[in-house]
Number of protein chains: 2
Amino acid sequence: PQWIRNPKALRFLVGLLTSMYVLLLTIVSCLISISSAWSSPDLWLAETIFSLLMYLIAILFFMYTYLMIIYPKPINMLIMILNRKTSLVPRPDRWLLSDPIHNGEGAGTLYLRLGAIFFGTLGSVLWGCEIFLCFSGECVHRLVVAKHIAAIIFTFLQMHFIVCNSKITFHRSNILASFGMMHCVAVNLWTWFSMCLVKAQVKKLKKQKKELEYHSSSSSSSDSSSSSEEILEPESSTLLENLIEVVLEKLKPGKGTTYTSTPYPYTNSSNTTSLLRMQSMVRLGDFSSFLLTCLVEYSLIGAAICFIIWKYMGATNIEMKVDKKKKKLRMDCHNTTIGLFLGIFFMTAAFVTIGIYTMLYNKKKTQSADLVIGIVNLILFCVTLLATIFGAWRMRVLQYRLHAHGEVIDEILLIIGLVGELIYCSIGFDMIVNGNRTGSHVPNLPIAVFTFRIIQVIIQAMYILIASRLRCLSEVNARTQPGKQTLTFLVLINITLFVYHTFEGMKSTYGFPALMETKYFELLNISSPLVVFYRFHSSACLAEIWKHAYSTKHHHHSHQTPINSPTSESQHHV
Amino acid sequence: PQWIRNPKALRFLVGLLTSMYVLLLTIVSCLISISSAWSSPDLWLAETIFSLLMYLIAILFFMYTYLMIIYPKPINMLIMILNRKTSLVPRPDRWLLSDPIHNGEGAGTLYLRLGAIFFGTLGSVLWGCEIFLCFSGECVHRLVVAKHIAAIIFTFLQMHFIVCNSKITFHRSNILASFGMMHCVAVNLWTWFSMCLVKAQVKKLKKQKKELEYHSSSSSSSDSSSSSEEILEPESSTLLENLIEVVLEKLKPGKGTTYTSTPYPYTNSSNTTSLLRMQSMVRLGDFSSFLLTCLVEYSLIGAAICFIIWKYMGATNIEMKVDKKKKKLRMDCHNTTIGLFLGIFFMTAAFVTIGIYTMLYNKKKTQSADLVIGIVNLILFCVTLLATIFGAWRMRVLQYRLHAHGEVIDEILLIIGLVGELIYCSIGFDMIVNGNRTGSHVPNLPIAVFTFRIIQVIIQAMYILIASRLRCLSEVNARTQPGKQTLTFLVLINITLFVYHTFEGMKSTYGFPALMETKYFELLNISSPLVVFYRFHSSACLAEIWKHAYSTKHHHHSHQTPINSPTSESQHHV
């Protein structure tokens, strides 16, 4: 027979087509969001329509999934009514949809799904503020509102799908589901990319604002007699808003202006006329940076989960027809209090230093504020490094086992975060080398911070990858639970570092010079949300290990190989 | 026999003495923190020593508890070593301490203990910042550092005790434990009171700052020619800090100054010289208000839990010697997703309006910003009211049962929060009446907001008090779980209101005029943390109901009365 008749070949072909589709769509959409031509007023409408289409297709796919697969009852009822009342549907059994089965591998652990809810909720706040700005008339075009509304609907639908229905089995129309899932991947990647661009834009604006302020203050001090009639020091937020309003004026249709793209935008202030996509970013102040990071994390999680669902879509074992949608939560909190309170101690200390930083910053002591950040970073990385090594040593007595492929998503996301951290640290080292070359003074503290950071990050990633494959099979270990206190401590200190990196992302970039080349600046803006994500996802993975490594209820993999432990008199517990 | 020989009489006497002790101590300490004499430089040292003593006694009590009752092993080991090596302890069995038993009723549900960790951690940040300020030389006296350090140690010890050891049974030296617990109650109440005072002080300072700014700007506009040489508009934070530095200068020993206390401090700017207890409050900005609220909530929880432990200290049933320190967590997440996502929708909408408020506030559109707050308040209260009534209607099929006295603490705290809400709403109504009397324009929106708010608050408190006594005894109800979606929604919307009230506490007081009499101002400052606490504790109680009302594992109270449900074929599950 022809190869196309083979179902495996068909599955491969669908996979190939969808992969090509996602590659093409992602690259095209990212290029559109990066290109200067598409953000000019001529193509502004076209770009908005493109964005709208991206979201609308994803929304349509989710609605199809919900109506046809997850909640088929209304449609089945309609078919039965049509059959009974009219003669339109003579054989309803051919049209009836089957009940949903939640027996897929699923994607995403509990902690990851909680993270999706958290990040998605906070991320949508940014879209909501944007919609408000559009309705209050500060929008370039009416269609932009539709785009933001579509974005918020997409965020909600995807959140619901990830949290409730990630284990659904697509038993018919696999092709459509494959394309839909891959489209979602593309939308998420595109959102991620464009949010990073927005972040870079906002940071650039802030830098220019600072320069302008410096300029105006220096000019006013030099000739104070002439400028005293004018408004001396415009308020920080007002100036930025004025900038935006100028941009908006220029963008209003009918006034075509030319845009110059310069390689070093911080040296040329004519670049402020490039369009700011998210205006609420500037009006909300520092907090918007946090919301943007949330949106970036959310798209990252969404893309990974959609990808995993697509990957294992055809491979679900049809033999296990049982609906294993388990909804009970169980946690064993023995042997955690020491780790918990040690973690809380470090968390409090870190938060206090955030307060100290704020106080010093308000008093304009930028130098010592940066010093505080550096010392705290150094201490936190050292402590985490020691805890990781100690935890690995404590868990040496556990047993190795194969692990389910539903956990692959954790490893993918961990490695994405790891890549971000490595890029971040490498840029840091590069800046130090560059500083040495040009002869400027490079203090020792950043070098130590980056060194400990890179060592800690690598060792922690290895520890997580190994520990997620370990289980507690002997009775003695199940009782003493070696390493659980350390795991609790590591979860808390990673959450602390998550908060700390989020704060750093809002306020300062420690260890980096104020002025750097554009390519480094862009890279830094892409990698800094990943740094935050690495800490979030590390704590997610550690919590998963915390939950499963000591559970006495073993998975089916380990049932075949019970270990003959010395105290196996209570083996019936296993 | 004499009445004093009767153990019950002894217990009553100890209770009486400790009650008197706590009453006296609380009133004296609160008076010290309110009196103007004690905050003058002459008695500054005495007040610090008094505070230090308060914390130190509590710390000593906790250390005694930990060493002698909870972890007696080191002391037992020391006794055995002394017995073996020397002849100091001839009969060690008379001296050996018995093992700890965790069979008390305990105090505090899981959610409440998580809240204690959360509030305690964030609250200690404020102490930590204060310590930093002391070390950086901005402190009145060296001894103040010791006081803050004692406060932070007390916070941590009490947090550990609440979270891990609230079920401990004090089997010997009941008298000492009674006094210690009551001392903790007094310390917590005193902290609560003095934090409310600090909040009032900071708000007063902010108001004066605004008036000064207004004054300086109006004077500069009227005679701009004469004041153009001076610094025109001092930065907002700088001005406040200057105020503090002046105060500090005056307080340095050796410079005695007289203090004038005026009944209406906002009309007289000479009152700025009164001492600010927490200097970090001003330097940290708006966020410090949130930290202070956390500290207030923490002391409230701490006081209630210590009181409950003291109350049931002697009444523990000695017959159940089993150590029922259960540490497994179990949650049933069926029938929650609709409520969850509806709640998330409202949460997102509320957060968006916070963003809108911030944007409008930054553009100085205070009027419309207040309008946004008012409308959102109205919508949230209406929705919550409807959900509460719907939830009560859905839960009508459940059964009533007696409840354990460990839950009394939830009701005490709920009623404290309710009192705060009622005071808050009553002040609001009073302000409206006052506005009508003086003829100023009172809009309808605040009246509607306060009306719906007071109705919602009362109905929700009644709903919680009734629903916490309901259990699901029939099989059908255990399967369908009526009202669980509504409960989930109510938990989320109460968390939303918690965040919203926290935000309001930082930024604005909606519905209240800018100027009011001092007595209302003080009352408002005491009740506004209680409003936040009411929402937090409502969600805690609702989560507890969510967890227990539908559990198939019943408590011992309901074992005797199984209901003959129609579908009792699977009664063995119960």
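Here, each number is a calculation from the coordinates, and none is a lab measurement. Remember, predicted model here, so these are calculated numbers, not experimental data. Positions of Cβ are generated from backbone atoms using ideal geometry, with glycine treated the same way; all protein chains shown enter the neighbour counts.
Placing a label point 7 Å from Cα along the Cα-to-Cβ direction at A:Ser19 gives distances to the equivalent points in the other copies of 7.8 nm, listed shortest first.
From the cross-link list B:Lys199/B:Lys547; B:Lys167/B:Lys203; A:Lys199/B:Lys364, which pairs have alpha carbons spaced over 32 Å apart? Beyond 32 Å between Cα atoms: B:Lys199/B:Lys547; B:Lys167/B:Lys203.
Between copies, B:Gly435 shows label-point distances of 5.6 nm, shortest first, with the point placed 7 angstrom from Cα along Cα to C-beta. Sorted shortest first, the distances from the A:Asp99 label point to those of the same residue in the other copies are 4.9 nm; each point sits 7 Å from Cα along Cα-to-Cβ. Farthest towards the positive end of the charge dipole of segment B:1-153, among the residues B:Trp127, B:Tyr111, B:Ile32, is the Cα of B:Tyr111, using unit charges on the Cβ of Lys, Arg, Asp and Glu. Diffusion of segment A:133-205 by Stokes-Einstein, at 37 °C in a medium of 0.692 mPa s and with Rh set to the Kirkwood radius over alpha-carbon pairs, works out to 221 µm²/s. Building the convex hull from the alpha-carbon atoms of segment B:354-506 and averaging its projection over directions returns 11.0 nm².
Put a plus charge on the Cβ of each Lys and Arg, a minus charge on the Cβ of each Asp and Glu, and nothing anywhere else: the dipole of segment A:339-421 about its Cα centre is then about 380 debye.
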